[in-house]
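The values are calculated or read from the model by the stated rules, or taken from the named source; none is laboratory data. Computed from a predicted structure; not experimentally measured. When we count neighbours, we look across all protein chains shown, and the Cβ atoms used for this are built from the backbone with ideal geometry, even at glycine. The accessibility values were calculated without ligands, DNA or RNA, using every heavy atom of the protein model including side chains. Shrake-Rupley method; radii C 1.70, N 1.55, O 1.52, S 1.80 Å.
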Amino acid sequence: MCRICGGAVSEFFDFGRQPLSDTFLRADEVSGEYFFRLAVGVCEDCSMVQLLDEVPRDRMFHADYPYHSSGSARMRNHFEQTARDFLDTELTGTDPFVVEIGCNDGVMLRTFREAGIRHLGFEPSRGVADLARADGIRVLTDYFEESSAVRIRESDGPADVIFAANTICHIPYLGSIFRGMEALLAPDGVFVFEDPYLGDIIRLNTFDQIYDEHFFLFSVNSVRTAARRFGFELVDVRRLPVHGGEVRYTIARTGARPVSPAVDALAAEERDRGLIDPATFERFGADVKRICGELVELLRRLRAEGKRVAGYGATAKSATVTNYCGIGPELVDVVYDTTPAKHGRLMPGSHIPVRPASELAETRPDFAVLFAWNHAEEIQVKEKAFHESGGRWITYVPDVRIT
Ligand code: SAH
Ligand code: TMP
Ligand code: ZN
């Protein structure tokens, strides 16, 4: 049943049994590992693309949540620029107040703290929340939802901007989020969020964007319908080149802001391209199967030729690739990553060991599967020596390729 409107959800792909994508295991934790069925479908009534099964939120977002947003220089720049844009546009009044949902280690709020702007982050994962707090940022170790939003409205007053990046798509209880907006957003305030865009996922075959945390795959049509349903209005959209293609949605109270022509334009493009037509999902599903087949065949061939293949980027996305395609330590012996909290742990489900990224240069495998393809440019510059000494990158979206 659709988490937005209660309509029937028609399943279009089943990835089978999958682990928690961001739970990196110690050797003694392997036997108790949690699995769920990762299947994705589209609501026949409101067109929202969503997972069929939901993982309880406390299993995903807890003190050991290992994803650190500040790990990418490009994303640090992206969020600094985003914050500066808000300072120039939405936050020019007297004593403005900005709230972030899912502030993680403070990658975005840092700029507001430096500018002396009243701010608050909601971040249920205590480990990353503590990092932000250590940086002088004001953080509530809690989920944003109706009740917590009401409490902040009472203590802090209305918010001019409520922002979220790569977080709203993690939240199945979207109705509670909008009731929280109703309570906390100033009459002329904006709720701005950016998430992976269904249009890019379908176009570029980035099937590994589908995992436990990515409960919704948003499109302009589905977000516009959801906003209306909850008493708000989608007033602007903008495509972003980060994380393999995202859209930034700006939502306001109904009638409070003019609606940009960009909304209708992108909504029409989605319809023209048949974004949610059954034939589109069929093509996508066939491509996913083909890509997995080709990737595994390549890895088997390289192994048979005596080549050593590693992985790079212990991303949440890589859980879907490795577990759906059946890639274990016999094909990819280790995954390199810069996040200290992941080192010495095992990848979810596949149990491939994670090692510090510095070891890529020291151990120089023949090939490295670039699981963090969304950071390709940054990583390939950083690891230039790998390629110059003959190492080759393997990517698998939109197609399997060696570069
Ligand atoms: N905004 C950062 C972090 C994205 S990861 C970035 O773009 O890089 C998603 C974050 O949302 C996690 O840190 C998780 O703990 C947090 N989160 C999940 N549900 C939440 C909720 N209901 N309210 C606030 N944060 C939430
Ligand atoms: P993400 O795709 O969800 O942002 O995760 C990126 C992962 O890749 C994260 O675990 C950090 C890692 N990483 C590196 O190992 N090296 C890098 O240069 C970058 C940018 C990320
Ligand atoms: Zn629906």
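Could you give me D for segment 137-228, from Stokes-Einstein at 4 °C and 1.567 mPa s, where the hydrodynamic radius is the Kirkwood radius over C-alpha pairs? Units µm² s⁻¹, please.
90 µm²/s
Could you work out the helix-only [θ] at 222 nm for the chain, with each DSSP H run of four or more residues adding -39,500 (n - 2.57) and the total divided by the number of residues, to the nearest 500 deg cm²/dmol?
-10500 deg cm²/dmol
Let me check against my output: what whole-number percent is the relative contact order of the chain, with C-alpha pairs under 8 Å and at least 6 apart?
RCO, the chain: 15 percent.
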*Counting Lys +1, Arg +1, Asp -1, Glu -1, what net charge surrounds Leu185 among other residues with beta carbon under 13 Å of its beta carbon?*
-3
*Pull up the DSSP beta bridges for the chain and report the antiparallel fraction as a percent, rounded to 5.*
50 percent
*Roll a 1.4 angstrom probe over the protein heavy atoms and tell me the percent of accessible area of segment 279-402 that is carbon or sulfur.*
51 percent
*asked:* With a 1.4 Å probe and all protein chains kept in place, how much accessible area does Arg118 have, in Å² rounded to the nearest 10?
replied: 80 Å²
*Solvent-accessible area per residue, Å², over the chain with all protein chains present [probe radius 1.4 Å]*: 39 Å²
*Note the angle between two axes, namely the Cα long axis of helix 174-184 and the longest principal axis of the Cα atoms of the chain, as a number of degrees from 0 to 90, rounded to the nearest 10.*
40 degrees
*Please state, rounded to one decimal and in Å, the Kirkwood hydrodynamic radius that segment 279-402 gives when every pair of distinct Cα atoms enters the mean of 1/r.*
14.6 Å
_Over the Cα atoms, compute the radius of gyration (one decimal) and Dmax (the largest Cα-Cα distance, rounded to a whole number) for the chain, in Å._
21.1, 67
*Contact order normalised by residue count of segment 341-390, Cα under 8 Å, 6+ apart, percent*: 26 percent
*asked:* Using Cα-Cα distances under 8 Å and only pairs 6 or more residues apart, what relative contact order does segment 279-402 have, in percent?
replied: 25 percent
*Structure shown: which of Lys289/Lys384; Lys289/Lys317; Lys289/Lys382 lie over 24 Å apart, alpha-carbon to alpha-carbon?*
Lys289/Lys384; Lys289/Lys382
*Whole-Hz Karplus ³J(HN,Hα) for segment 317-326, in order, using 6.51 cos²θ - 1.76 cosθ + 1.60 and θ = phi - 60°, x for Gly and Pro?*
4, 5, 5, 5, 5, 5, 6, 6, 7, x
_Can you tell me the mean projection area, over all orientations, of the convex hull of segment 9-51's alpha carbons? Units nm², please._
3.5 nm²
*Rounded, prolate or oblate: which one fits segment 69-256, using the alpha carbon gyration tensor with axes a ≥ b ≥ c (rounded when a/c is under 1.5, else prolate when a/b beats b/c, else oblate)?*
rounded
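I want the antiparallel fraction of DSSP beta bridges within segment 142-284, as a percent rounded to 5.
Antiparallel: roughly 65 percent of the beta bridges in segment 142-284.
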_For a protection proxy built on the mean count of beta-carbon atoms within 10 angstrom, sort 160-166, 129-135, 253-259 highest first, please._
160-166, 129-135, 253-259
*Among the DSSP beta bridges whose two residues both lie in segment 279-402, what percent are antiparallel, rounded to the nearest 5?*
20 percent
*When the Karplus curve 6.51 cos²θ - 1.76 cosθ + 1.60 is applied with θ = phi - 60°, which whole-Hz ³J(HN,Hα) does each residue of segment 123-137 get, with x for Gly and Pro?*
8, x, 7, 4, x, 6, 4, 5, 4, 5, 4, 5, 8, x, 8
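Less than 15 Å Cβ to Cβ from Tyr143, Lys/Arg counted +1 and Asp/Glu -1: what total charge do the surrounding residues give?
-3
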*asked:* Once neighbouring chains are kept in place and the probe is 1.4 Å, which whole percent of the accessible area of segment 9-51 is contributed by carbon and sulfur?
replied: 44 percent
